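This report concerns only the one structure given below.
The values are calculated or read from the model by the stated rules, or taken from the named source; none is laboratory data. Fair warning: this is a prediction, and the values are worked out from it, not measured in the lab. Virtual Cβ from ideal backbone geometry, glycine too; neighbours counted across all protein chains shown. Note: accessible area is taken over every heavy atom of the protein model, side chains too, but ligands, DNA and RNA are not part of it. Shrake-Rupley method; radii C 1.70, N 1.55, O 1.52, S 1.80 Å.
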Amino acid sequence: MNAKASETEITMAIRRTLKELGVYCWKQWQGPMSQPKGVADLIGVWKGRFLAIEVKRPEGRLTDDQER
């Protein structure tokens, strides 16, 4: 992966990899009016287990809602 890849590009690469592994997942779209706040970018199920992935570039910061 390119060191300057955007979070969108990183998310797409993660989704491709998860699909290859047979993981059922979806992109959870969030915006300023979304409720509840702080939901992870990718939500999924793998072998009967809940999966949540928050995608950040190295300089990215979690919001307070994401921390909770």
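List of remarks:
- Comparing M12, W29, V39 along the charge dipole axis of the chain, the residue lying farthest to the positive side is M12, per the Cβ-charge model.
- Accessible area per residue (1.4 Å probe, heavy atoms of protein chains only) ranks K27, K37, K19, K56 as K19, K37, K56, K27, with the largest value leading.
- Label of the coordinate-derived value, P(r) over Cα pairs in 5 Å bins from 0, in percent, listed as (1) 3, 15, 25, 24, 20, 11, 2; (2) 3, 17, 15, 16, 15, 15, 11, 6, 2, 0; (3) 4, 15, 22, 21, 17, 13, 6, 1, 0: (1)
- Set of segment 37-60 residues, backbone N closer than 17 Å to the point 7 Å along the Cα-Cβ line of Q66: 37-44, 52-60
- Counting only Cβ charges, +1 for Lys and Arg and -1 for Asp and Glu, the dipole size of the chain around its Cα centre is about 240 debye.
- Solvent-accessible area, 1.4 Å probe, carbon plus sulfur percent, for the chain: 56 percent
- Heavy-atom surface of the chain, accessible at 1.4 Å and reported per residue (Å²): 81 Å²
- Taking amide H as placed 1.01 Å from N in the peptide plane, Q28 has its amide H under 5 Å from the amide H of L42, I43, each at least 5 places away in sequence or on another chain.
- Residue-count net charge about T11 - beta-carbon cut-off 12 Å; Lys, Arg +1, Asp, Glu -1: +1
- Sequence of E7, E20, E59 from largest to smallest accessible area, 1.4 Å probe: E20, E59, E7
- Charge tally for Q30 (other residues, Cβ to Cβ under 10 Å; Lys, Arg +1; Asp, Glu -1): 0.
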